[in-house]
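**Student:** For reference, the structure I am asking about is given below.
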Amino acid sequence: MRGRESAPALLLGMLVACTAPPPVGPVAHRITSPSAATWDGGSVSAAEVRAAVRQLSPSLREQFDTVGGRQQFIDALVAKRLMASEARRRGLDQQPELRAQVAELEERLLIQALLAQGERAQPSPTEAELRKYYAEHEDTFRSRPAAHVARVLIRKGLKPAVSRARLEQLRQRLLKGEGVAKVAAEGDGAERVQGGDLGWFDDTATPVGRAALALAKTNEVSPVLEFEYAWACVILLEKRESRLPPFEEVREQVSSRYAPIAQRIVFDRLVKQLFVEAGVTLNPAAVE
């Protein structure tokens, strides 16, 4: 890196520790590419730089999509190659612990490649298999009941009793049928500028969610709710009951959820075949 500062330590660390291995697949023919950097005994091609950049997250990719960013990235790639070469020159690649880690990584990558090959050879699940999975997991695809509500909120302030009385007055106006937007506009909550609309709730994890799902009829008003900082009531705008969509509507979701099962089938079948072919004999008592 003549006349240049070294790449930032953060980027170098990213390249050393975080760069994912290239996807396992058929070996492509090497394409001749101009060198992005050369040194005595080695080089980094432009194609290698582009391949490394593609493995970055979108935010980092954008960061290095500049002239200065590309230069820093090339610096880091060269530093990575030189440091690895220096480690080998010093014989560090012969350390037993490191060789064991390399062998373990190689095993993992080979197993991933073997399973990927088996999955590619596996036929796609049949319509009958997907429908069977759907029928056995209907609750997974069933939507929960949900309530669309508006809210009127009054902050407690220094006189909680007075603010509660104010909220109750607004609530009574709602009970008499006055428009939700008009009443909500007199409240203190942020929703007052959007007609009181607070959105949809489909669980009871919050006081508003519990109150919302307890309402049954359109325009029904909840009792007064107390919060640490305010009083409020919610008004039901719309109720959506639990629904099980037909298989055709969620077929893609079913297929996606079934995928790990198909992968497990490939794995189990392959392991069983290999055990039989190798004549494996197990002796658990040996490790007691």
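**Student:** Run the reach check for residue 176 against aspartates and glutamates, Cα to Cα strictly under 17 Å, same-chain hits fewer than 8 apart removed. What comes back?
**Tutor:** Candidates past the 8-residue exclusion: 168, 186, 220.
**Student:** Additional query: Which label marks the calculated value of log10 I(q)/I(0) by the Debye sum over Cα atoms at q = 0.07, 0.09, 0.12 Å⁻¹, given the options (i) -0.64, -0.85, -0.93; (ii) -0.25, -0.42, -0.77; (iii) -0.41, -0.63, -0.92?
**Tutor:** Only one option fits the structure, namely (i).
**Student:** A follow-up question, please. Which is farthest toward the positive dipole end of the chain among 235, 284, 262, measuring Cα position about the Cα centre, with Cβ charges +1 (Lys, Arg) and -1 (Asp, Glu)?
**Tutor:** 235
**Student:** Continuing with this model, one more query. Rolling a 1.4 angstrom probe over the protein heavy atoms, how many square angstrom per residue are accessible across the chain?
**Tutor:** Per-residue value: 69 Å².
**Student:** Whole Å is fine, so just give me how far the alpha carbon centre of the stretch 226-280 lies from that of the stretch 58-78.
**Tutor:** Their Cα centres are 39 Å away from one another.
**Student:** Working from the alpha-carbon coordinates of the stretch 206-271, get Rg over Rh, Rh being the Kirkwood radius.
**Tutor:** The Rg/Rh ratio comes out at 1.36.
**Student:** Carbon-plus-sulfur fraction of the accessible area of the chain, 1.4 Å probe, in percent?
**Tutor:** 55
**Student:** Separate question: Please list the radius of gyration and Dmax for the stretch 141-234, considering alpha-carbon atoms only, with Å as the unit.
**Tutor:** Computed over the Cα atoms of the stretch 141-234, radius of gyration and Dmax are 13.1, 48 Å.
**Student:** To continue, here is another question. Extension gain residue 63-residue 102, at 0.36 nm per residue separation less the Cα-Cα distance, in nm?
**Tutor:** Working: separation 39, 0.36 × 39 = 14.04 nm, distance 3.16 nm.
Stretched fully, the residue 63-residue 102 segment lengthens by 10.9 nm.
**Student:** Please report the base-10 log of the normalised intensity I(q)/I(0) for the stretch 102-158, using a Debye sum with one equal scatterer per alpha carbon and no solvent, at each q in 0.21, 0.30 (1/Å).
**Tutor:** Reported log10 I(q)/I(0), two decimals: -0.91, -1.12.
**Student:** Is there a pair in 182/217; 159/217; 132/272; 156/217; 159/182; 182/239 whose C-alpha atoms are over 27 Å apart, and which pairs would that be?
**Tutor:** Listed pairs above 27 Å: 159/217; 156/217.
The values are calculated or read from the model by the stated rules, or taken from the named source; none is laboratory data. As the structure is a computational prediction, the values presented were derived from the model and not from experiment. For neighbour counting, all protein chains shown are included, and Cβ atoms are generated from backbone atoms with ideal geometry for every residue, glycine included. Note: accessible area is taken over every heavy atom of the protein model, side chains too, but ligands, DNA and RNA are not part of it. Shrake-Rupley method; radii C 1.70, N 1.55, O 1.52, S 1.80 Å.
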